[in-house]
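J.: Following this message is one structure expressed as structure tokens.
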Amino acid sequence: MPEKLNTSSRRATVTRTTKETDITATIDLDGSGTGNISSGVLFLDHMLTNFSRHSGIDITLDCKGDTEVDDHHSVEDIALVLGSAFLQALGSKTGIQRYGWAMIPMDETLARCAVDLGGRSYCVFSAEFKRPAILGFSTEMVEHFFVSLSRTIQANIHLAIMEGKNTHHMIEAMFKAFAYAMKMAVAVTGKELPSTKGTL
């Protein structure tokens, strides 16, 4: 996977090309919440735009994928690319908050998220959706997106729906909860590495 990092800021660009997808993503952890997303999956575009706005993290993403077959390859590979971009943009992680958490309501729905950018990949996901898909985004892929993301960002991601009935509200609340948890976790709050081990 060709990758490059602008070391003058917390910004990274990652490209991944396979027989199934061709993806380029650029993120800026210290952006203004601007999302320019073209994933080929309309509801995922909506979710990632929401994530960008509420996290304050700029994301530019373009994906050419085999969505005529299924959304699986595009969704999975986008998560892998975004995770790699986050990891590179974080650099040494010196001074970051490291941990972040949020509880986000959306009408009848309440979503919870907690994140640890401590270098260990693990995802715990708890939600059941009534609708099988929204605008080309299979709801079974929501969990797979966050599991794949946790692998390349090397983070613990815990996501759960505490209350909820409407599938759109539930998924959107989860992405927004993740956004606010990440906004907290990537914030620079000190000058030292947030670990007693001396490494993350």
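J.: Which condition breaks for GLU143 when tested against (1) in a helix (DSSP H, G or I); (2) under 19 Å from ILE78 (Cα atoms); (3) touching a residue at least 24 places away in the same chain (Cβ under 8 Å)?
T.: GLU143 satisfies every listed condition except (3).
J.: Oh, and also: Name the residue, out of GLY40, GLY100, GLY118, that is part of a loop (DSSP other than H, G, I, E, B) and more than 23 Å from SER138 (Cα to Cα).
T.: It is GLY118.
J.: Of everything in region 1-21, what is open to solvent by less than 70 Å² (accessible area, probe 1.4 Å), modelled with pLDDT of 95 or more and out of contact with any His (no Cβ under 7 Å at 6 or more places or on another chain)? Give them in sequence order.
T.: Passing the criteria: ARG10, ALA12, THR13, VAL14, THR15, ARG16, THR18.
J.: Here's another thing I want to ask about it. Hey, does region 33-47 have a residue that's surrounded by fewer than 15 Cβ atoms within 10 Å (Cβ to Cβ) and farther than 21 Å from GLU172 by Cα?
T.: no
J.: Consider ARG131 carefully, then state whether it is outside any helix (DSSP H, G or I) and open to solvent by 50 Å² or more (accessible area, probe 1.4 Å).
T.: It is true that ARG131 is outside any helix (DSSP H, G or I) and open to solvent by 50 Å² or more (accessible area, probe 1.4 Å).
J.: Turning to a different aspect of this structure: Under 7 Å by Cβ, and 6 or more places apart or on different chains, what pairs join a residue from region 112-124 that is touching a residue at least 60 places away in the same chain (Cβ under 8 Å) and under 15 Å from LEU193 (Cβ atoms) with one that is of a type in the set (Val, Ile, Thr) and open to solvent by less than 10 Å² (accessible area, probe 1.4 Å)?
T.: LEU117/ILE96
J.: Same structure again: Could you tell me which residue of region 134-172 is most open to solvent (accessible area, probe 1.4 Å), considering only residues that are more than 20 Å from VAL41 (Cα to Cα) and aliphatic (A, V, I, L, M)?
T.: Here the answer is MET162.
The values are calculated or read from the model by the stated rules, or taken from the named source; none is laboratory data. Remember, predicted model here, so these are calculated numbers, not experimental data. Methodologically, a virtual Cβ is constructed for each residue, glycine included, from the backbone with ideal geometry; neighbour enumeration extends over all protein chains shown. Note: accessible area is taken over every heavy atom of the protein model, side chains too, but ligands, DNA and RNA are not part of it. Shrake-Rupley method; radii C 1.70, N 1.55, O 1.52, S 1.80 Å.
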